Amino acid sequence: MLLPHVQRALRLHGEFNKLRSCQRGLECALDAFGHAVIGLNGTCKILFSNETGRQLFATADGLNVKGGRLVADLPCEDGELQYRLYQVAMAGKGFSASRALVIHRSSGKPALHLTLMPFARNFLRHITELSVLVSIDDPARKPLSRVDMLRLLFKLSPTEIRLTESLTSSVDLSTAADHLRMSTETPRFHLKSVFKKTGARRQSDLIKLVLNLPGTILDRPPDRSWDARRRYPTLAQRRA
């Protein structure tokens, strides 16, 4: 279940090719995911962590970082974690030797679910040291919405996100213009910007991209203009 999200994050790595470091580009792509993702080298030392992982380590609840290594708070669980990490690091190429672990937390929050995956070194040539990917699912963490994903991955503006949501809900461009209280040409201008940012070439491509994004269903951005749909009639209704 986690593997498609990791593979999708790696493909999105190309969107950040203007950044100075390819490694930093991968981190930025992974920051958009609700799971913590940590990359380790062949000796199981941490190479990078996404923002969710850094937030998790800051709480020091169940997992922590010591000496550049991922460690569990409970000694018995830490011994199992280190052994499994070693196994995965020595597994070679491919994802066939993945391991899963449960790490309990002293705070009483739900246990963390870890998936340890060997990383094929020839899969991303710019990061040759990467040997293990650790994905951490925190059941207590609120999942990202697709609105968050669109904002984080593609830097869409609130207006562009509202238009994307309307189009994803099987609404045509003219109806979306009425809902968003825009003139006829304004949605076309914003749609061109959305296409440029997401790489979609047509509306069907955009809908497919949004529906395949990890995260919860689209929610509404914190913008009062959403309530205007209920308080004010649409342009077509006013004309009628």
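The values are calculated or read from the model by the stated rules, or taken from the named source; none is laboratory data. What you are looking at is a predicted structure, and each value in this text was computed from that prediction instead of being measured. All Cβ positions, even for glycine, are placed from backbone atoms using ideal geometry, and neighbour counts span all protein chains on display.
List of remarks:
- Enumerated strands (runs of 3 or more DSSP E) restricted to segment 98-188, each holding at least 1 residues that are in contact with a Cys (Cβ under 8 Å, 6 or more places away or on another chain) and modelled with pLDDT of 85 or more: 132-137
- Strands (runs of 3 or more DSSP E) wholly inside segment 31-78 containing at least 1 residues that are among the basic types (K, R), touching a residue at least 60 places away in the same chain (Cβ under 8 Å) and surrounded by 17 or more Cβ atoms within 10 Å (Cβ to Cβ): none
- Residues of segment 189-235 classified as at pLDDT 50 or above and not aromatic (F, W, Y), total: 29
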